[in-house]
Amino acid sequence: MFWSDDRGQTWTSIGVKTLWPLPYARGIAVKSDEPRVLFAGCGQTTTGETGGVLRSNDAGQSWRSLPLPERPNATMWGLATHPAEPARLVAFSLFGEVYVTEDAGDSWCKITREFGEIRAAAWLPA
């Protein structure tokens, strides 16, 4: 992964292999009311045996792992957000687990239902 602060004229690596606990980068989301806050899904490999969700408060310069309630069963494949509720984030593993936070990643719950495989997700306000 790379970032640019000059509209794509130059690019700088965010250092996934050195800054992240797992080396495989997958989904990324921007917090709609704080564009410097980023969330990312990661894992060991494309599928992997575990994964994590990370948060950056400084546009990708530094990252911290977020406290999921249990170890994911695969790479955290993607994230879904909506501007109507910027603190709500839905994160999902490739092999069907879904985690939800209502406080921008400070705490999470895992929904009971698991799916066979998830490649993309969206959530809409009621």
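Does any residue in segment 113-126 that is under 8 Å from Ala80 (Cα atoms) and open to solvent by less than 100 Å² (accessible area, probe 1.4 Å) come within less than 9 Å, Cβ to Cβ, of a residue that is among the charged types (D, E, K, R) and assigned to a loop (DSSP other than H, G, I, E, B) six or more places away or on a different chain, and which pairs are these?
That search, which allows pairs on different chains as well, returns Trp123/Glu85; Trp123/Arg88.
For Ser4, state whether it is of a type outside the set (Phe, Trp, Tyr) and free of Cβ contacts under 8 Å to residues at least 12 places away in the same chain.
yes
So, of the residues in segment 69-106 that are small (Gly, Ala, Ser) and not in a loop (DSSP other than H, G, I, E, B), which turns out to be nearest to Met1 (Cα to Cα)?
Only one residue fits best here, namely Gly78.
Of the conditions (1) more than 10 Å from the chain's Cα centre (by Cα); (2) more than 23 Å from Pro83 (Cα to Cα), Pro35 fails just one. Which one is it?
The one condition Pro35 does not meet is (2).
The values are calculated or read from the model by the stated rules, or taken from the named source; none is laboratory data. All figures in this text were calculated on a predicted structure; none of them were measured in a lab. Neighbour counts run over all protein chains shown; Cβ positions are idealised from the backbone, glycine included. Each accessible area value is taken on the protein alone, full model and side chains, heavy atoms only, with ligands, DNA and RNA left out. Shrake-Rupley method; radii C 1.70, N 1.55, O 1.52, S 1.80 Å.
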